[in-house]
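K.L.:
Below you will find the structure I want to go over with you.
Read the figures in this text as sums done on the coordinates, not as results from a lab. What you see is a predicted model, and the numbers here were worked out from it, not measured in a lab. So basically every Cβ, Gly included, is an ideal-geometry build from the backbone, and we count neighbours across all protein chains shown.
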Amino acid sequence: SILHSSGLVTSIRCPARNELIDALEEFDRSWAQLEERYIMNLIAIEDRARLLILEAIQAEKRLWVVDDPTSSTPWMSYNAASRKVLIDLTKSIAKLNSVANCRRKGRDDLDYDILEGAYSVLRASSQSQDMGGIRVLAVDILGCFDSIRQYLRRVSLCLERVDPHLCNNTGLVSRLVEWEECWEVCGRYVRDPKLMTGLSTVVNEIRELQLVLPRLKAMCDDFDVEWFMVLPRLTLLVYLRDPNADVSQLMRQLMPQCFRWSSATATPKPLQGFLDLQASFNKTRHLLDVLLGNSNNPMSTSPALGTQKVGNSWGKSIETLENEDQDVDMENFQFTSPDFDLGSCSTSWEVFARRALNSAPVAPGDATDKCRDAIKSLEAFTLLLERSSLDLQRHCAEDWNQCSAILVQCITGVSKRQQDREFQV
């Protein structure tokens, strides 16, 4: 051709077949090595991502070894060695929670104390019925913990299905969410012995009142809207009945603004508003006890103060209160039916409970001045109680909402946990 004759195009030698085969084989080997390095690096990255769950699996296996499979209460036989394994497992779960729990705070401080508190509740409830009311909290805590243990056992058989992005594993996240919520809500009361005892006292008192007042039990079982107005009143009444008991620790937790905190005294003292409420309660209880003729009845007398006249240690005596102007605006004070006959009540404690249920006391037709004075004092106290009840609900609404949920759970004895959930990675 003209191009070849002019020398503008030089001839290109076609490679031999063997040379082409060698070149393709070398390229294939280089590509395979690249893929191998890429895949191995990817596997290493995924393994590092799964390392937290692998550590938790190993810790659970160590605990399974020390567990007694024939015992329905392995926590009763835990020794120092098994406690060390439990602590390691809870730390592993806390680390896992900080990475995988994208639906809540992802806390990494979910320590072993909550399990120790739950074990203490179960031990105490097995020896005394006084702690039986809060047993459901301990059962829920241990149930959440056991649910995570079961998940770790099952997922150890299918680790290849675990998403390296741990927050994408639905089954893991749901269990961690339940554990963190249980730790925050239930753990506050289970870890503190005084708070635990105070909570148990409130639960037991309300349960006893339900036996006397069927309407109270119906309101609780039906989750009546009015029940959540009655519950804070009853909680305050239990405290006022014996302010020196462990219930005071619960009230200081819920209403810190009503107590004076001082470094000079180990125990905070109530402020004047609470002192007035306590004095009004003591005066009304005294008048009701005299009216009902059972001033020595233990059901109507503070366990800590015996049968003496109470109120002196709170800054106001009964005699002083009787001389004070305790007028009540009866026109603006609305009663809610059904009413109850004051004479039909056996104790002052029953009168307070019925009044907290929004029932108005009705005096008989031949009521004495003593009866009218008792009703007048009861209504004056009820106004103060309602004011404190609203303060209890509003000062720190989140704390009260959590506490009321715990109280309802303990009173009804119904677990909040989701049962028989299908396994998901």
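K.L.:
Taking a temperature of 10 °C and a viscosity of 1.306 mPa s, what whole-number D in µm²/s does Stokes-Einstein yield for the range 91-137 with Rh from Kirkwood over alpha carbon pairs?
P.N.:
Stokes-Einstein gives a translational diffusion coefficient of 129 µm²/s.
K.L.:
Another one. Using the Cβ atoms and a cut-off under 11 Å, what net charge is assigned to the surroundings of MET255, where Lys and Arg are +1 and Asp and Glu are -1?
P.N.:
Numbers: positive: ARG252, ARG394; negative: ASP391, ASP399.
That sum, taken over residues with Cβ under 11 Å, equals 0.
K.L.:
Per residue and in Å³, how big is the convex hull formed by the alpha-carbon atoms of the range 70-194?
P.N.:
Details: hull volume 14.3 nm³, N = 125.
Roughly 115 Å³ of hull volume per residue.
K.L.:
Next question. Give me the Å³ per residue figure for the convex hull around the C-alpha atoms of the range 213-274.
P.N.:
Considering the Cα atoms of the range 213-274, their hull volume per residue is 102 Å³.
K.L.:
Kindly rank 170-178, 349-357, 105-113 from highest to lowest mean number of other beta carbons found within 10 Å of each residue.
P.N.:
349-357, 170-178, 105-113
K.L.:
Under 5 Å between amide hydrogens, which residues at least 5 positions from PHE340 or on another chain qualify, with H placed 1.01 Å from N in the peptide plane?
P.N.:
Those lying under 5 Å, H to H, from PHE340 are ALA360, VAL362.
K.L.:
Per 10 Å bin, what is the whole-percent P(r) computed from every C-alpha pair distance within the range 162-285?
P.N.:
Computed distribution, short to long bins: 11, 29, 30, 16, 10, 3, 0.
K.L.:
Another one. For the range 112-180, which semi-axes, largest first and in whole Å, follow from the square roots of 5 times the eigenvalues of its Cα gyration tensor?
P.N.:
32, 11, 8
K.L.:
Based on Cα coordinates alone, diagonalise the gyration tensor for the range 138-216, multiply each eigenvalue by 5, take square roots, and list the semi-axes in whole Å, largest first.
P.N.:
Working: eigenvalues 291, 36, 22 Å².
Semi-axes, largest first: 38, 13, 11 Å.
K.L.:
Spelling out what I want: for every residue of the range 131-138, take phi, set θ = phi - 60°, compute 6.51 cos²θ - 1.76 cosθ + 1.60 (Karplus), and round to whole Hz; glycine and proline get x.
P.N.:
9, x, x, 9, 4, 4, 5, 5
K.L.:
Here's another thing I want to ask about it. Return the long-range amide H neighbours of PHE259 (sequence gap of 5 or more, or a different chain), with a cut-off of under 5 Å between placed amide H atoms.
P.N.:
Amide H neighbours of PHE259, under 5 Å, 5+ apart: LEU271.
K.L.:
Quick query: amide H of SER346 versus all other amide H atoms, modeled in the peptide plane; which residues come in under 5 Å with a sequence gap of 5 or more or a different chain?
P.N.:
Placed amide hydrogens put nothing under 5 Å from SER346.
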